[in-house]
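The values are calculated or read from the model by the stated rules, or taken from the named source; none is laboratory data. As the structure is a computational prediction, the values presented were derived from the model and not from experiment. Cβ placement follows ideal geometry from the backbone for every residue including glycine, while neighbour counts extend to all protein chains displayed.
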Amino acid sequence: MVNRVLVGAHYGLKDWIIQRATAVIMAVYTVVFLVVVGAVGPDSFEAWRGIFANGFMKFATFLFLVSLFYHAWIGVRDIWMDYVKPDGLRLLMMIATAAVLVGYAGWAVQILWRM
Amino acid sequence: MAEMAIKKRRPKNLDLPTIRLPLPGILSILHRISGAAIFLLLPFLLWLLQASLTSGETFASAKAVVAHPLAKIILLGLIWFYMHHFCAGIRYLLLDLHKGVELEAARLSSKIVFVVSIALTLIIGAKVLW
Ligand code: HEM
């Protein structure tokens with residue numbers, strides 16, 4: 001017996017998992033960030049900058065931002081798929097979304113490593 | 001033809017003012033709205049992060065922007081959106097693990113999401129904006 005599912009929607013499973021994995025990373029970072037800021041109580045440029053100059057926080061912040069961009073790509077794409085019906089326009093919105101997010105990722109590198 | 005006959009017999013309720021969205025439904029639509037709003041405000045947030053980290057002068061200008069009443073309102077709304085998306089997101093992750101899927105538990109957890117996210121928003125807003 002051939003038991004093949006032809007129309008299974010599991011092509012979305014990878015994105016579903018990535019959206020959840022990035023959500024967990026962002027949630028953990030949010031707690032760490034709030035605790036660090038609460039403990040340091042940055043009241044000056046030097047103290048604020050010091051938080052992100054720390055190697056661990058720099059890496060964690062970058063991981064957070066990359067997760068955010070990937071998570072936003074999946075989430076915003078889902079929103080376009082729900083509300084934008086004409087194929088051409090939908091494709092355009094998706095490409096624009098992906099383009100700005102890739103741009104933001106470059107910007108994030110610049111912010112964190114040129115500070 | 002057969003399709004049309006079936007379609008016609010479907011019950012319809014478009015009397016919008018009489019439709020009540022239960023709390024988990026409000027939570028859900030706010031989760032989508034908050035995710036979209038944070039996405040749209042990303043350039044502003046990245047600019048703020050960059051200005052706050054570049055130099056003493058740009059830090060001061062970022063501070064001045066944040067001190068503007070309009071910016072305060074936007075940021076307070078954004079903090080609430082983030083906290084709502086964060087808390088509701090954790091609730092969804094637990095639901096995905098089949099934790100709290102029963103009706104009563106799901107209602108209770110959506111209340112908790114609203115209470116906790118609004119409380120966090122007020123605390124953080126009071127600390128960083130006022
Ligand atoms: C603490 C961080 C976050 C957590 C725990 C989280 C969690 C989640 C989860 C679990 C989903 C899937 C919901 C579903 O399938 O019904 C989701 C969707 C989404 N997230 Fe997040 N998220 C976080 C941060 C963000 C941020 C910062 C953005 C902004 C760009 C964002 C934008 C979105 C969007 C646009 C969706 C799609 C919403 C929808 O389809 O209705 N998320 N989030």
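Find all pairs meeting these conditions: Cβ atoms under 6 angstrom apart; at least six residues apart or on different chains; first residue within the range A:41-54 and under 17 Å from B:Ala60 (Cα atoms) and modelled with pLDDT under 95; second residue surrounded by 17 or more Cβ atoms within 10 Å (Cβ to Cβ) and among the acidic types (Asp, Glu).
none
Just one of the numbered conditions (1) under 16 Å from B:Ile26 (Cβ atoms); (2) more than 13 Å from the chain's Cα centre (by Cα); (3) surrounded by fewer than 18 Cβ atoms within 10 Å (Cβ to Cβ) is not true of B:Ser109; which one?
Every listed condition holds for B:Ser109 apart from (3).
I'd like the full set of residues that are away from chain B (no Cβ under 12 Å), over 17 Å from B:Leu45 (Cβ atoms) and either among the basic types (Lys, Arg) or part of a helix (DSSP H, G or I) (or both), limited to the range A:64-92.
A:Met81, A:Lys85, A:Asp87, A:Gly88, A:Leu89, A:Arg90, A:Leu91, A:Leu92 - these are the residues of the range A:64-92 that are away from chain B (no Cβ under 12 Å), over 17 Å from B:Leu45 (Cβ atoms) and either among the basic types (Lys, Arg) or part of a helix (DSSP H, G or I) (or both).
Go through the residues of the range A:99-114 one by one and say whether even a single one is of a type in the set (D, E, K, R) and more than 21 Å from B:Tyr82 (Cβ to Cβ).
Looking through the range A:99-114, at least one residue is of a type in the set (D, E, K, R) and more than 21 Å from B:Tyr82 (Cβ to Cβ).
Does B:Leu120 fit the bill of being assigned to a helix (DSSP H, G or I), surrounded by 14 or more Cβ atoms within 10 Å (Cβ to Cβ) and under 18 Å from the mean Cα position of the chain (by Cα)?
Values: assigned to a helix (DSSP H, G or I): yes; surrounded by 14 or more Cβ atoms within 10 Å (Cβ to Cβ): yes; under 18 Å from the mean Cα position of the chain (by Cα): yes.
The answer is yes for B:Leu120.
Please work out if A:Leu101 is within 18 Å of B:Ser52 (Cβ to Cβ) and within 9 Å of chain B (Cβ to nearest Cβ).
Details: within 18 Å of B:Ser52 (Cβ to Cβ): no; within 9 Å of chain B (Cβ to nearest Cβ): yes.
No: the conditions fail for A:Leu101.
Of all residues in the range B:42-60 being touching a helix residue (DSSP H, G or I) at 6+ places or on another chain (Cβ under 6 Å) and more than 8 Å from every other protein chain (Cβ to nearest Cβ), which is surrounded by the most Cβ atoms within 10 Å (Cβ to Cβ)?
By that ranking, first place goes to B:Ala51.
Before we move on, is A:Gly38 exposed (fewer than 12 other Cβ atoms within 10 Å of the Cβ) and within 11 Å of chain B (Cβ to nearest Cβ)? If you could, list the steps in order and put the result at the bottom.
Working: exposed (fewer than 12 other Cβ atoms within 10 Å of the Cβ): yes; within 11 Å of chain B (Cβ to nearest Cβ): yes.
When the stated conditions are applied, A:Gly38 passes them.
Whether any residue in the range B:65-78 is within 12 Å of the ligand (Cβ to nearest atom), touching a residue at least 24 places away in the same chain (Cβ under 8 Å), out of contact with any His (no Cβ under 8 Å at 6 or more places or on another chain) and within 15 Å of B:Gly125 (Cβ to Cβ) is what I want to check. Full working, then the answer.
Filtering the range B:65-78 down to residues within 12 Å of the ligand (Cβ to nearest atom) leaves B:78.
Add one more test, that the residue is touching a residue at least 24 places away in the same chain (Cβ under 8 Å), and what stays is B:78.
Okay, now just the ones that are also out of contact with any His (no Cβ under 8 Å at 6 or more places or on another chain), so B:78.
Of the ones still in play, those that are also within 15 Å of B:Gly125 (Cβ to Cβ) are B:78.
Yes, some residue in the range B:65-78 is within 12 Å of the ligand (Cβ to nearest atom), touching a residue at least 24 places away in the same chain (Cβ under 8 Å), out of contact with any His (no Cβ under 8 Å at 6 or more places or on another chain) and within 15 Å of B:Gly125 (Cβ to Cβ).
Exactly one of these conditions fails for B:Tyr92: (1) within 13 Å of the ligand (Cβ to nearest atom); (2) within 10 Å of chain A (Cβ to nearest Cβ); (3) touching a helix residue (DSSP H, G or I) at 6+ places or on another chain (Cβ under 6 Å). Give me its number.
(3)
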